[in-house]
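Readers should treat all values here as calculations from the given coordinates under stated rules, not as data from a laboratory. None of these values were measured; they are calculated from a predicted model. Using ideal geometry, Cβ is built from the backbone for each residue, glycine included, and neighbour counts are taken over all protein chains shown.
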Amino acid sequence: MEIQESMQYTESTNNKKSRIENRRVSKEALELKTIPKEERFQNEIEKTAELRDILVLCTSEKINIPKLFGFLKERSAQKEINIYFRECIHITVEDSEKRPGDVFIFKYGVTVFWGVERSKQDIILSQQQFFEEKSYPRELMEREDFRYAIVKEGASIVNDIIYLDTESLYNKMIISNALAQSARLDVFEGYVERTTDRVRGLPDEIGMKGFTTKKREDVIKMIGVLHKLKFNLNLVTNILDTPEILWYYPNYSSLYDSFKLYLELKSRADILNQKCDVIYDILNLLSTHINTRNGERLEKIIISLICIEIFIGLISLAITCFKPNN
């Protein structure tokens, strides 16, 4: 079972890489309207700028942000720790060369690291895991990798490289919101792909054999997974909503919209909902088919029992009629 799940995860990872390559790589640079807004010339981006890593990691279903914040403020060695709107924690971390890095932890289980060393990443992840709900195994965590640089002008994103013209914390927070939403969508897309693989051959099986070997309990479980997925996607998590920070700082809306377009958040969410609807229709048909087949089997059993009862009754009657009188 573990080998099969590992193979399914590897295939899902390959599909994800293919989606990313087809979706984002080799596109023209997308200009970013960062804040503060300045008049710029459309000069060529300074490619010699130092590139630093961005790691987006989806570690769990949910993180208790208020409790984690209280823990970090009390026990963490990091001095600059702030909470925003009770749904995002920001931590400033210095690397071995005293360069500042940024960490953004979101309540729906995603952490975004900007220019943070691996050792510091591990420390923060080990601390937050005590406040996670339904943590994922390390090998099953969804991750996305980007790079960024600070340039004099021409803020843009191209081939997953983000060029910013300012180190503004709020620019990074807005961008991190979009990146975190994309990582959470990766998790949902993985769920849908695995469910699709499980139901892919069922319509053909019914068409060829006239019945399915799936048990009703298995079908009901898959329907439950789909309902939970759509519930989390559309109602529980806020990954399809505009980040709350934009209600207070609307000037950042253009920056968020640029990343929402680049990462195709809306279209991916719409496709997920459509796939869930199609899979649900198939599973609902299977459930109806299984119920009908079970009903027919029950009717046959009842008819058989009635026939047996009638047969026994006739035998009893015959014995009574032909029994000699004393």
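Points to keep in mind about this one:
- Label-to-label distance, PHE231 versus LEU51, with points set 7 angstrom from Cα along the beta-carbon direction: 4.3 nm.
- Potential lengthening of the chain between ASP281 and ALA318 amounts to 7.8 nm, from the contour at 0.36 nm per residue minus the alpha-carbon distance.
- Förster radius 35 Å - calculated FRET efficiency between LEU140 and LYS300 (Cβ-Cβ, nearest 0.05): 0.15
- Sorted peptide list for 72-81, 276-285, 52-61, 136-145, criterion being average Cβ within 10 angstrom, highest first: 52-61, 276-285, 136-145, 72-81
- Förster radius 25 Å - calculated FRET efficiency between GLN274 and ASP218 (Cβ-Cβ, nearest 0.05): 0.60
- For the residue pairs LYS172/LYS230; LYS62/LYS230; LYS215/LYS275, the C-alpha atoms sit more than 18 angstrom apart in LYS172/LYS230; LYS215/LYS275.
- Approximate spin-label separation PHE71-SER254, in nm, with each point projected 7 Å along Cα-to-Cβ: 4.1
- Long pairs among LYS67/LYS152; LYS98/LYS152; LYS134/LYS266; LYS79/LYS107, criterion Cα-Cα beyond 32 Å: LYS67/LYS152
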